[in-house]
Amino acid sequence: MSTRSPLVRGMRDLYADELASIRSVESVFGDRLESYGYELIRLPTMERTALFTRGIGESTDAVSKEMFTLDDETDSLSLRPEGTASCVRAVIDANMYRGNQPKLWYAGSMFRHERPQLGRYREFFQVGAEAFGFDGPDVDAELIRIVQDVWEILDIADEITLEINSLGNATSRRRHRNALVEYLAQFNDQLDEDSQRRLDQNPLRILDSKNDRTQKILEQAPSISDYLDDESRNHFEEFQERLERFGIKASVNTHLVRGLDYYTHAVFEWNTDKLGAQKQVGGGGRYDGLCELLGGVPCPAAGFAIGIDRVALLRNELGIASPTSHPDVYVIALSDEEDDFALDVAAKLRTESSLKVRVHQGGGKVKARMRAADRSGAAIALIIGAQEAASNHVSLKWLRINREQVTVPVTELPTTLLNSN
Ligand code: HAM
């Protein structure tokens, strides 16, 4: 029997350039969110299952089909399928909303037991943001603007489209739901199986159906836009006007309902057609009733989450260079005599630049040392022999491009390296 324990399906080891790319997307989101005054919150990976069934909705796919659940001594616990419910719980637990309007962001692993494929994993990474205590569409529009800023910084704005819709307030939703159920009930036996099941539990989700026959039936279905009351309509119109003022293009998709039950008013989704079946890179919306539903005081709120694995994949797909994980510079002393000098040169470089500097260890012949430099992925080897050490110089050998080796004084090294590509 093999003693090796294979990786669990849908889980990944992330390292090297793939990880560097995911981390850089995460850090651009974090920096941008902080520049808008959002504060980082670290949330636990596991919560009581009841938080998700109540908060996200018992009949949603994320909760009913995709949760990793285990029984603890007294409670059923689940790995979080998303961050919004936990964030709301944290705000309620710490009373953060009292006299304050917290704007929070988080990043981390989420878990959904889906069928793994490119861009769809059982453990994946989200960056999310949630704003509490504001009921105006200015907050919704700001959330969209933050994400738009990031698409531009990451150079992918042209590849991403934004869809929006309004689900209205509770009254509008109820009226629309009743009309939809009444309409669809006439076609009950023609709907796909999932949709038949949803007709009782979660009829809005039928709008998401990928089944052609169901889609055909939906063409004539009552549209939420016809059921919005004045308050909901004004909210949505102001949201759209603000997006327009920001120069952000969005198309209204009246079938957009999102897969989680907590939404009210504006919902949004960012999509790309560059990742095959996994079109959705992010989504969000307003969830004015969730705080109260989870036992807090009523508190309007809105937020979004981005699937950063997908954003990193998209950049990769487009051939956009991301930072790499390997060292920039590999320092080689040609013999033990030059070791201390080499360590001093490396230390100086680390202090005076942000370059990643690895020093050769483990001895070996000159050829073996050069091979190690090559394998490290570094762009440049700094070679230090007796002559260089004696005259306070180093030799630079470019490992990835054809360029003549040069010898420069150590004092000029940081500038030479920074201007070297
Ligand atoms: P969501 O649309 O369920 O929203 O997920 C957000 C993003 O997570 C998706 O758009 C997608 O990019 C990514 N994602 C979801 N499942 C997977 C998977 N299996 N593998 C890779 N990426 C995945 C939410 O989670 C809400 N909490 C968003 C929100 C925040 N609404 C209000 N505030």
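The values are calculated or read from the model by the stated rules, or taken from the named source; none is laboratory data. Computed from a prediction, not measured in an experiment: that's the story for all the values here. We place every Cβ from the backbone using ideal geometry, glycine too, and count neighbours over all the protein chains shown.
Restricted to the range 26-59, and to residues that are among the small types (Gly, Ala, Ser), part of a helix (DSSP H, G or I) and touching a residue at least 60 places away in the same chain (Cβ under 8 Å), which residue is farthest from Gln126 (Cα to Cα)?
Gly55
When you scan the range 182-192, how many residues do you find that are in a helix (DSSP H, G or I) and surrounded by 17 or more Cβ atoms within 10 Å (Cβ to Cβ)?
Total satisfying the criteria: 1.
Of the residues Val345, Val281, which is away from the ligand (no atom under 16 Å from the Cβ) and β-branched (Val, Ile, Thr)?
Numbers: Val281 fails: away from the ligand (no atom under 16 Å from the Cβ).
It is Val345.
Considering only residues that are over 18 Å from Ala312 (Cβ atoms), more than 10 Å from the ligand (Cβ to nearest atom) and either in contact with a helix residue (DSSP H, G or I) (Cβ under 6 Å, 6 or more places away or on another chain) or outside any loop (DSSP other than H, G, I, E, B) (or both), which ones fall in the range 118-147?
Passing the criteria: Phe132, Pro137, Asp138, Val139, Asp140, Ala141, Glu142, Ile144, Arg145, Ile146.
Going through Ile160, Ile153, Ile146 one at a time, which residue ends up being of a type outside the set (Gly, Ala, Ser) and surrounded by fewer than 17 Cβ atoms within 10 Å (Cβ to Cβ)?
Going through Ile160, Ile153, Ile146 in turn, just one is of a type outside the set (Gly, Ala, Ser) and surrounded by fewer than 17 Cβ atoms within 10 Å (Cβ to Cβ): Ile153.
Just checking, how many residues over the range 386-410 are in a loop (DSSP other than H, G, I, E, B), surrounded by 13 or more Cβ atoms within 10 Å (Cβ to Cβ) and more than 42 Å from the chain's Cα centre (by Cα)?
0
Just to be sure before I move on: is Ser325 out of contact with any Leu (no Cβ under 7 Å at 6 or more places or on another chain) and either part of a loop (DSSP other than H, G, I, E, B) or under 30 Å from Ser21 (Cα atoms) (or both) in the structure I sent?
Against the criterion (out of contact with any Leu (no Cβ under 7 Å at 6 or more places or on another chain) and either part of a loop (DSSP other than H, G, I, E, B) or under 30 Å from Ser21 (Cα atoms) (or both)), Ser325 does not qualify.
Given Leu290, Leu256, Leu275, which one is more than 7 Å from the ligand (Cβ to nearest atom), crowded, with 23+ Cβ neighbours inside 10 Å and touching a residue at least 24 places away in the same chain (Cβ under 8 Å)?
Leu290
With the requirement that a residue be more than 16 Å from the ligand (Cβ to nearest atom) and either of a type in the set (Val, Ile, Thr) or without any contact (Cβ under 8 Å) to a residue 40 or more places away in the chain (or both), what does the range 293-337 give you?
Correct list: Val297, Pro298, Gly319, Ile320, Ala321, Thr324, Val329, Val331, Ile332, Asp336.
I'm trying to understand the selection: among the residues of the range 336-375, which are small (Gly, Ala, Ser) and surrounded by 17 or more Cβ atoms within 10 Å (Cβ to Cβ)?
Ala342, Ala346, Ala372, Ala373
Cβ-Cβ distance below 6 Å, separation of 6 or more or different chains: which pairs start in the range 60-75 with a residue that is surrounded by 12 or more Cβ atoms within 10 Å (Cβ to Cβ) and end on one that is modelled with pLDDT of 95 or more and aromatic (Phe, Trp, Tyr)?
Hits for this filter: Val63/Phe52; Phe68/Phe111.
Let me confirm something: among Val25, Val8, Val63, which residue is outside the structural domain of Leu290 (by TED's automatic domain parsing), among the aliphatic types (A, V, I, L, M) and closer than 27 Å to Arg115 by Cβ?
So the residue among Val25, Val8, Val63 that is outside the structural domain of Leu290 (by TED's automatic domain parsing), among the aliphatic types (A, V, I, L, M) and closer than 27 Å to Arg115 by Cβ is Val8.
Looking at the range 323-335 only, could you name the residues that are surrounded by fewer than 18 Cβ atoms within 10 Å (Cβ to Cβ) and more than 17 Å from Arg400 (Cα to Cα)?
Of the residues in the range 323-335, the ones surrounded by fewer than 18 Cβ atoms within 10 Å (Cβ to Cβ) are 323-326, 335.
Listed by number, the list holds a single entry, Ser335.
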